[in-house]
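Accompanying notes for the structure given below.
The values are calculated or read from the model by the stated rules, or taken from the named source; none is laboratory data. Predicted, not measured: the structure shown is a model, and the values here were computed from it. So basically every Cβ, Gly included, is an ideal-geometry build from the backbone, and we count neighbours across all protein chains shown. Protein only, heavy atoms only, side chains kept; ligands, DNA and RNA dropped before computing areas. Shrake-Rupley method; radii C 1.70, N 1.55, O 1.52, S 1.80 Å.
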Amino acid sequence: MLRGRPTLASVLLCCICLPVLTQGNKPKLCSLDSITRVNKLINDKDLKLLDCMLYTPTTGDYKQNCPRSTLDCFADEVNVLFEESNNNKVARLRGMLKTLAGHIDQSESECLQCESHKEEKVEKFLSDLLEILKQNNSEHC
């Protein structure tokens, strides 16, 4: 049995180290960088000139127990946007969305397939993505 200073040191180490170690196990659902990146893409003149349509989930899809499939759909469509634009800023965003979606535990059974969503122009796609990311961050940051 420990007594005196060694006991106090052990207790303090447990109180400090344990929360730090368990913090690493929590999924990272906060992504402020993704909001910054989407804002930059919204203002990108070259993207505004693109004439492509992208499947666009809504905030309702995100709220109806389908956050993971919503973010996965946005990530897949961001990949299409990258292929159309060849813009490296777009490629980084896809990785961020896939990582964020990967941290969400969700049953996929009742969620819509990406191709079931309405097709929208790039501006609307990015503004809807921005709203969903803001909503996600308001819940998890």
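Largest to smallest in accessible area, the residues MET96, MET53 fall in the order MET53, MET96 (1.4 Å probe, all protein chains included). In the full protein context, segment 44-141 carries 56 Å² of accessible surface per residue, based on a 1.4 Å probe and ignoring ligands, DNA and RNA. Computed from the C-alpha gyration tensor, the three semi-axes of the ellipsoid equivalent to segment 27-141 are 21, 16, 12 Å, from longest to shortest. The chymotrypsin sites (Phe, Trp or Tyr not before Pro) of segment 38-141 include none that meets both conditions, a loop assignment by DSSP and at most 11 other Cβ atoms within 10 Å of the site Cβ.
The Kirkwood radius of segment 97-141, taken over pairs of alpha-carbon atoms, gives through the Stokes-Einstein law at 37 °C and 0.692 mPa s a diffusion coefficient of 265 µm² s⁻¹.
P(r) tail, segment 44-106: Cα-Cα pairs separated by more than 17 Å, 43% of all pairs. The ratio of the alpha-carbon radius of gyration of segment 28-67 to the globular-protein estimate 2.2 N^0.38 Å is 1.48. For segment 53-141, the relative contact order comes to 45 percent (Cα pairs under 8 Å, sequence separation of at least 6).
A simple spin-label model places the labels of THR99 and GLU115 3.0 nm from each other, with each point 7 Å out along Cα-to-Cβ.
Summarising the label geometry, the points placed 7 Å from Cα in the beta-carbon direction at GLU139 and ARG92 lie 2.6 nm from one another.
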